[in-house]
Structure formats: structure tokens, C-alpha cells
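See below for the structure under consideration.
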Amino acid sequence: MDIFIASNRQLPIRYYVQESVWIRRGGSTKLPDVTLPFFVEVEMKHPHNLAIIRDYIFDFQRQYKQTEIQLLIKDIAHLATMQEMLSHVKQIHHTITIYPL
């Protein structure tokens, strides 16, 4: 597991076979920073596919008026990249917090 995504809303599963990105159910609910009830785990073969995760989050947020998301990211470089990608978009009713895993 490279990234763990938790939310206050049900998260969809996605498989991007060509890009080697899998967003699926699973993971551990015993992670210390997770306080939200719904979660998926992300496995990626290539770090340049982080834009897929960003787009996944934005598509998810468009479905709801309000969301809360927690990202737990294993790799520090991925964490910094995701913070950079997500910091440019400010949405009033959508909260994203990012933690190291």
C-alpha cells in the first residue's frame, strides 16, 4: 500500500490497468491518524501517476457538496508532491488533510 485514503463518504474503487494504479478496498482501520469511516488503499507502480490520484480525489469531491478526506502517504517524496498538487485548489466545503504513513 502506497497511499491510504479515508473519507466521510463512500469512496469508489478504481483500477487503472494501463497506468498500474489500483484503488481498492482494504487496508487497516487501526491506523492512528484515521478518524473517518470509509477508506481505500492505493497501490502504484510509478510515482509519476500521482496525477491520477489527484484527479480521483477531485472527481470524488464533485459528487458531493461537502467532503472530508484524509490521505496517509508512505513515501515522503509522494507526500510532498501531493501537498503541492492539492494546495493550489481551495474549496470551502471540502477538507483534505495529509499525513505521513
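The values are calculated or read from the model by the stated rules, or taken from the named source; none is laboratory data. All values reported here derive from a predicted model rather than from experimental measurement. Glycine also receives a Cβ, built like all others from the backbone with ideal geometry; neighbour counts cover every protein chain displayed. The protein model used for the area step is the full one, side chains on, heavy atoms only, and it has no ligands, DNA or RNA in it. Shrake-Rupley method; radii C 1.70, N 1.55, O 1.52, S 1.80 Å.
Annotations for the structure displayed:
- Subtracting the Cα-Cα distance of Ile76 and Arg62 from 0.36 nm times their residue separation leaves 2.3 nm of extension gain.
- Solvent exposure of segment 4-94 as accessible area per residue, Å², 1.4 Å probe: 58 Å²
- FRET efficiency, Val17 to Arg54 (Cβ-Cβ, R0 30 Å, nearest 0.05): 0.95
- For the chain, the carbon plus sulfur part of the accessible surface works out to 54%, probe radius 1.4 Å.
- Excluding same-chain neighbours fewer than eight residues apart, the aspartates and glutamates reachable from Lys45 by a Cα-Cα span under 12 Å are Asp2, Glu19.
- Cα gyration tensor shape of segment 16-79, rounded if a/c is under 1.5, else prolate or oblate by comparing a/b with b/c: oblate
- Within the shell of other residues whose beta carbon sits under 15 angstrom from the beta carbon of Arg54, the net charge comes to -2, with Lys and Arg scored +1 and Asp and Glu -1.
- Within segment 15-101: Cβ-based charge dipole about Cα centre, in debye rounded to nearest 20 (Lys, Arg +1; Asp, Glu -1): 180 debye
- Applying a DSSP loop filter and a limit of 15 other Cβ atoms within 10 Å to the trypsin sites (Lys or Arg not before Pro) in segment 17-101 leaves Arg25, Lys30, Lys45, Lys65, Lys74, Lys90.
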